[in-house]
Amino acid sequence: MSDAAGPVQLAPAHPKAYLRVMAAHHHHEPQGSDLTKAAQATLEKSGEQWTAMRAQIFKALAAFDKPASAYDIAEAVSKAEGRRVAANSVYRILDLFVASNLARKVESANAYVANAHPDCLHDCIFLVCDSCGNTVHLDNDVLTNGVRSAAEATGFSPIRPVIEVRGTCAECDASE
């Protein structure tokens, strides 16, 4: 993938490589087995193996309709596998998924969501409903590039900005 300024690196090996993001483009957001295939291809492109356990954890993560903790995912995989899966094993794989752009971490909740477009890098903007827990991931490169620029203007080197806006979703707001 490239634009006029040069190639955009996916699943960067070094945090500085993450700094270039595309300003305007459209996503194809695969679902179900297509999302799993996109995640597998992205992980393998980064030089990692798509193991059976990684596949199970991604499948469980993608099945949640809200951000899921490592414990939630461990429980789901344990039920599916018929054997106990330790949360610390899940954490290690989730860390790999975040580093490889397969998952996003909602920092304030210490929870994760599957990235709907793992082949495309963006900084995170999350809208988190305090009433129901629904979390929406937005891509707005103009806004996040502005945050990066503001940080850089102070001499700070941002690696992975995450913006979380907490409030009430439209559905919960309408029911109050």
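For this structure, a couple of remarks:
- All distinct Cα pairs of the stretch 32-176 go into the 1/r average, and the inverse of that average, the Kirkwood radius, is 16.3 Å.
- Cα principal axis extents for the stretch 99-153, largest first, Å: 36, 26, 17
- Taking the square roots of five times each eigenvalue of the Cα gyration tensor of the stretch 132-172, the equivalent ellipsoid has semi-axes of 27, 10, 8 Å, listed largest first.
- Percent of beta bridges antiparallel (DSSP, the stretch 48-176, rounded to nearest 5): 60 percent
- Rounded to the nearest whole Hz, the Karplus-based 3J(HN,Hα) values (6.51 cos²θ - 1.76 cosθ + 1.60, θ = phi - 60°) of the stretch 146-156 follow the sequence x, 5, 4, 4, 4, 5, 5, 5, 8, x, 8, with x at glycine and proline.
- Electrostatic tally near Asp72: other residues with Cβ closer than 13 Å to its Cβ, Lys and Arg +1, Asp and Glu -1, net 0.
- Local electrostatic count at Phe126 - Lys and Arg +1, Asp and Glu -1, tallied over other residues with Cβ under 15 Å: -1
- Filter on Lys45/Lys79; Lys45/Lys66; Lys59/Lys105 - keep pairs with C-alpha separation over 20 Å: Lys45/Lys79; Lys45/Lys66
- Accessible area ranking (1.4 Å probe, heavy atoms, ligands and nucleic acids excluded), largest first, for Leu121, Leu127: Leu127, Leu121.
- Solvent-accessible surface (1.4 angstrom probe) belonging to Arg166, in square angstrom, nearest 10: 120 Å²
- The 1.4 Å probe gives accessible areas that order His137, His122, largest first, as His137, His122.
The values are calculated or read from the model by the stated rules, or taken from the named source; none is laboratory data. Keep in mind it's a predicted model, so treat the numbers as computed, not measured. Because the Cβ atoms are built from the backbone with ideal geometry, glycine has one as well, and the counts that use them run over all protein chains shown. Accessible surface is based on the protein model in full, side chains and every heavy atom, while ligands, DNA and RNA are left aside. Shrake-Rupley method; radii C 1.70, N 1.55, O 1.52, S 1.80 Å.
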